[in-house]
């Protein structure tokens, strides 16, 4: 994906609310909990916890192919998740949405980014409607069930 488009979509996703940002791996997962924003680490753009530039994620936008809105169950029930996927379809980063009104936030994101539908898949349909839940293996990602608040620091599980 072209870098300008990637950062624009990611910035719009940050406006949706609080997330648990997780980097899935089979042996460990680094999590950042709270509201996110775009920032800089030197000259490089990053996704960071709001007002906490030391809690950030670096990206190679050219290796990201799509923003996928899915529902995942990692042991706490089905929850809305935005996966940033590679050109091979593998999740690079997962942003677990921790707010209310996921469907409304998704609709607003899609209205703003309608011209970029080719890079966006899935949906956070209304929570009361049945959802297709994409399966994940518990050993691939570890998400803390601790309450989310802005004072939480980066967590490694």
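The values are calculated or read from the model by the stated rules, or taken from the named source; none is laboratory data. Everything numeric here is computed off the predicted structure, so don't read it as measured data. When we count neighbours, we look across all protein chains shown, and the Cβ atoms used for this are built from the backbone with ideal geometry, even at glycine.
Considering (1) modelled with pLDDT under 95; (2) in contact with a strand residue (DSSP E or B) (Cβ under 7 Å, 6 or more places away or on another chain); (3) over 23 Å from residue 115 (Cα atoms), the lone condition that residue 39 does not fulfil carries the number (1).
Filtering region 16-47 to residues that are free of Cβ contacts under 8 Å to residues at least 24 places away in the same chain and more than 25 Å from residue 122 (Cβ to Cβ) leaves 27, 39, 40, 41, 42, 43, 44. Of all the residues in region 46-92, those that are surrounded by 13 or more Cβ atoms within 10 Å (Cβ to Cβ) and part of a loop (DSSP other than H, G, I, E, B) number 3.
Taken together, the criteria place residue 13 among residues that are in a helix (DSSP H, G or I), touching a residue at least 12 places away in the same chain (Cβ under 8 Å) and within 11 Å of the chain's Cα centre (by Cα). Just to be sure before I move on: is residue 107 in contact (Cβ under 8 Å) with a residue 12 or more places away in the chain and out of contact with any strand residue (DSSP E or B) (no Cβ under 9 Å at 6 or more places or on another chain) in the structure I sent? No; evaluated as a whole, the condition is false for this residue.
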